[in-house]
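The block underneath contains the structure these notes are about, expressed in structure tokens.
Values quoted throughout were computed directly from the atomic coordinates according to the rules given, and no laboratory measurement underlies them. Given the structure is predicted, the values throughout are model-derived calculations rather than measurements. Here Cβ is always computed from backbone atoms with ideal geometry, including for glycine, and neighbour counts include all displayed protein chains.
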Amino acid sequence: MHTIDIDLVEMTLDVMKYAIDRISNVTPELGAPKKEEDLLRIVGETVTASGIGGEAAFKLFRDVLVKATVPIDHPRHLAFVPAAPTRAAIMFDLVTSASSIHGAYWMEGGGGIFCENQAMKWLVSLTGMPKGTFGVFTSGGTAANLSAIVAAREEWRSRDENHIGHKGLLITSDAAHSSVQAMAKVIDADMLMIHCEGDNLTGKELQATINKLEEKDRKRLFAVVATGGTTNAGIIDELDTIADVCGKENVWFHIDCAYGGGALAARSVRHLFNGIERADSVTIDPHKWLFSPYDCGAVIYKDMELAKNAHSQKGSYLEIFKDEGAHGFNPSEYQIQLTRRVRGMPLWFSLAMHGTDKYRVAIERGIELAQIAAKKIEDRPYLELVRPPSLSVVLYRRKGWTPDQYREWTYKNHRDGVALVTPTKWKTNGEFETVSRFCFINPDTTEKDIDVILDTME
Ligand SMILES: Cc1ncc(COP(=O)(O)O)c(C=O)c1O
């Protein structure tokens, strides 16, 4: 397994050929999942005592298994939050794997961590947060949100020993991503959700909610989580006024920009994020709107020492890594993971190769595509906008359709290889309604792609 022989050379050539073909294919087949038993019937058991050979295993993957996946960079994949990694970033993901770098500590990963830190410097600059602010790459937005709220909870507990042993309380809005609630559960914190009825969360609503807390709950409040681009509708909370309240109440202010963070680079919408510079921590997912391959999230902290106090692991086997002699930045000390891939490297290479201006242009295109789609929706009598587009998300309805019709339409388009566009729900006049949703990320999506999809709704 560890020797270099003709089989290895052949396998390498197969893999490189596949990688080159795949990254130069702008419209890969829109695959769909098959049932596990069907896949098993086609490919058979693949893990055996003597192995089936690289050629056979790779053929099964290339000809069958990858076709049972949806290429997230397909230009008509507009569901969830899609992705569109740059070709440079994908190629460098291969280089990251081939280089076998341990990204936990500078002593072992210094050169790779240097690359990550260069990319991080740009991300931090987009936020406008003060000197001393920095961050680390994580496996995604969920891990970044978890890392940030653990840092917040630890800071709260360190302030007053009366807090030790008490459950923390976190406030967010009902439009926050599901991972915020899930991670509050992981750290066994209680969560209070402010109902925004489809609008953004404001400092006024936050203050009113805090004012209504009983004294014992007010003491448990350790963090507020605002959203910089909600997953469902692209809405940005009123960050400036929320920052005022968090400052006045001395509560940690976290902003989840996992999806919207890329738009910090877009001059047309940057003002919507005003107030982000006053956050204690921010989540941004490069694997969403910064064109990195999966998986790559990022957590940014105003005070890195607070993050280190929360996350630095201790063990006699780790002491050498923190020694003066190992001089450097240790990413593992600022988030939940110890052993880690240097997953910011693909972003770094792509940024270094293309420059940040091209990123700004590609992100602006997502926003522009949302505006174009909105216009096309307004021009079609059978369609209607639910609300004006926000960032790159468009919510619209097919007049007269039931939830079942939206579901059938999604499945049919997917089955036919046309598109993957999924329904969501939106509250209109106090009632949840099923509607259709576009989220644009891929700058290769064309106006014609939008027409093709909307025409299938007639
Ligand atoms: C606003 C927001 N936060 C967090 C997440 C979770 O990120 P991840 O799936 O990378 O863990 C998402 C995912 O879509 C998101 O949109």
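Summary table
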quantity	calculated
Segment 207-236, residues that are outside any helix (DSSP H, G or I), of a type outside the set (A, V, I, L, M) and either more than 11 Å from the ligand (Cβ to nearest atom) or surrounded by fewer than 24 Cβ atoms within 10 Å (Cβ to Cβ) (or both)	K212, E214, F222, N232
Flag for I6 being surrounded by 10 or more Cβ atoms within 10 Å (Cβ to Cβ) and either touching a residue at least 60 places away in the same chain (Cβ under 8 Å) or more than 26 Å from V418 (Cα to Cα) (or both)	no
Flag if R159 is of a type in the set (K, R), closer than 30 Å to K448 by Cβ, away from the ligand (no atom under 15 Å from the Cβ) and over 16 Å from the mean Cα position of the chain (by Cα)	no
Any pair with Cβ under 6 angstrom, 6 or more apart, that starts in segment 275-296 at a residue that is free of Cβ contacts under 8 Å to residues at least 60 places away in the same chain and ends at one that is among the hydroxyl-bearing types (S, T, Y)	none
Selection within segment 102-142 - buried (at least 24 other Cβ atoms within 10 Å of the Cβ) and within 16 Å of the ligand (Cβ to nearest atom)	L123, G135, V136, F137, T138, G141
Number of positions in segment 181-229 that are of a type in the set (S, T, Y) and touching a Ser or Thr at 6+ places or on another chain (Cβ under 8 Å)	2
Residues of segment 420-437 classified as touching a Ser or Thr at 6+ places or on another chain (Cβ under 9 Å) and of a type outside the set (A, V, I, L, M, F, W, C), total	7
Qualifying residue in segment 181-188 (condition: charged (D, E, K, R) and in contact with a Lys or Arg (Cβ under 9 Å, 6 or more places away or on another chain))	yes
Test: F92 is out of contact with any Cys (no Cβ under 7 Å at 6 or more places or on another chain), of a type in the set (F, W, Y), surrounded by fewer than 16 Cβ atoms within 10 Å (Cβ to Cβ) and in a helix (DSSP H, G or I)	no
Criterion violated by P293 - all others in (1) more than 12 Å from the ligand (Cβ to nearest atom); (2) in a helix (DSSP H, G or I) satisfied	(2)
Residue satisfying all of: in segment 248-268; within 22 Å of F440 (Cβ to Cβ) and away from the ligand (no atom under 16 Å from the Cβ); surrounded by the fewest Cβ atoms within 10 Å (Cβ to Cβ) among these	R267
